[in-house]
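Notes follow the structure.
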Amino acid sequence: MPSPPKVHREQLIGPKRSDDHSKKTLVLDLDETLVHSSFKPIPNPDYILPVEVDGKLVDVYVLKRPWCDHFMESVGARFEVVVFTASLAKYADPLLDLLDKQQLVRWRLFRESCFPYEGNYVKDLSCLGRDLSQTIIVDNSPHSYVFQPANAVPISTFIDNMDDQELLELLPVLNELEHAPDVRTVLGANLGLRELGG
Ligand SMILES: [Mg+2]
């Protein structure tokens, strides 16, 4: 397993709010985990977001993963929710304004907060300033959590399958983790299997 860089990196988010004090931290990826976005028009977008690209405004068509709103409401009450995306803020920040109408997401982290490592944008959880025994990441890309795989709940890549139930099926898994003394003990137990492709 690759190690996080030894160089000192500043803490990416501020302290927990007092009402989040006893909650675990849930780090959520955005693209292909909660939504799928494309420049190509799609039949039923949830949002059409104008984003500036090379000095021009270009429409981005955004499709929410099924159960996204239900999922966010459920986890928003039980976890300190952080959205950590490798996308640029000029797209992801206005999208989160639309997606998170109830302001359930406490912190938003964008590409500049990722660590470039072997051609990927890694989300180094050790830079959050949170107890790693109490921190979970949900991300469709295993590269994102290559430094802390025992903190990860893998999820498949969402593009446009409107029968997708993964966010709904994740809720009981997160329920169990919510009360685990150390999430890595639960999630790490599956690691060997995962690496074998099981
Ligand atoms: Mg993703």
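The values are calculated or read from the model by the stated rules, or taken from the named source; none is laboratory data. Note that this is a predicted model, so its numbers are computed, not measured. Cβ coordinates were reconstructed from backbone atoms using ideal geometry, including for glycine residues, and neighbour counts include every protein chain displayed.
Before moving on, here are some points about what is shown:
- Selection within segment 81-112 - part of a loop (DSSP other than H, G, I, E, B) and either in contact with a Cys (Cβ under 7 Å, 6 or more places away or on another chain) or at negative phi (or both): THR85, ALA86, SER87, LEU88, ASP100, LYS101, GLN102, LEU104, PHE110
- Single condition VAL75 does not satisfy, out of (1) crowded, with 20+ Cβ neighbours inside 10 Å; (2) assigned to a loop (DSSP other than H, G, I, E, B); (3) more than 14 Å from the ligand (Cβ to nearest atom); (4) not hydroxyl-bearing (Ser, Thr, Tyr): (2)
- Boolean, SER144 is on the phi < 0 side of the Ramachandran plot, surrounded by fewer than 18 Cβ atoms within 10 Å (Cβ to Cβ) and either within 16 Å of the ligand (Cβ to nearest atom) or without any contact (Cβ under 8 Å) to a residue 60 or more places away in the chain (or both): no
- Within segment 122-134, the set of residues being touching a Phe, Trp or Tyr at 6+ places or on another chain (Cβ under 9 Å) and surrounded by 19 or more Cβ atoms within 10 Å (Cβ to Cβ) comprises VAL122, LYS123, ASP124, LEU125, CYS127, LEU128.
- Count - residues of segment 78-114 that are touching a helix residue (DSSP H, G or I) at 6+ places or on another chain (Cβ under 8 Å), in contact (Cβ under 8 Å) with a residue 40 or more places away in the chain and surrounded by fewer than 17 Cβ atoms within 10 Å (Cβ to Cβ): 1
- Filter pass, VAL105 being out of contact with any Pro (no Cβ under 7 Å at 6 or more places or on another chain) and modelled with pLDDT of 95 or more: yes
- Matching residues, segment 147-173, being surrounded by 15 or more Cβ atoms within 10 Å (Cβ to Cβ) and outside any helix (DSSP H, G or I): PHE147, GLN148, ALA152, VAL153, PRO154, ILE155, PHE158, ASP164
- Residue match in segment 113-128 (condition: within 11 Å of the ligand (Cβ to nearest atom) and assigned to a helix (DSSP H, G or I)): no
- Taken together, ILE48, ILE137 contain a single residue that is surrounded by fewer than 19 Cβ atoms within 10 Å (Cβ to Cβ), in contact with a strand residue (DSSP E or B) (Cβ under 9 Å, 6 or more places away or on another chain) and part of a strand (DSSP E or B), which is ILE48.
- Of residues in segment 16-38 being outside any strand (DSSP E or B) and crowded, with 20+ Cβ neighbours inside 10 Å, the one farthest from the ligand (Cβ to nearest atom): LYS24
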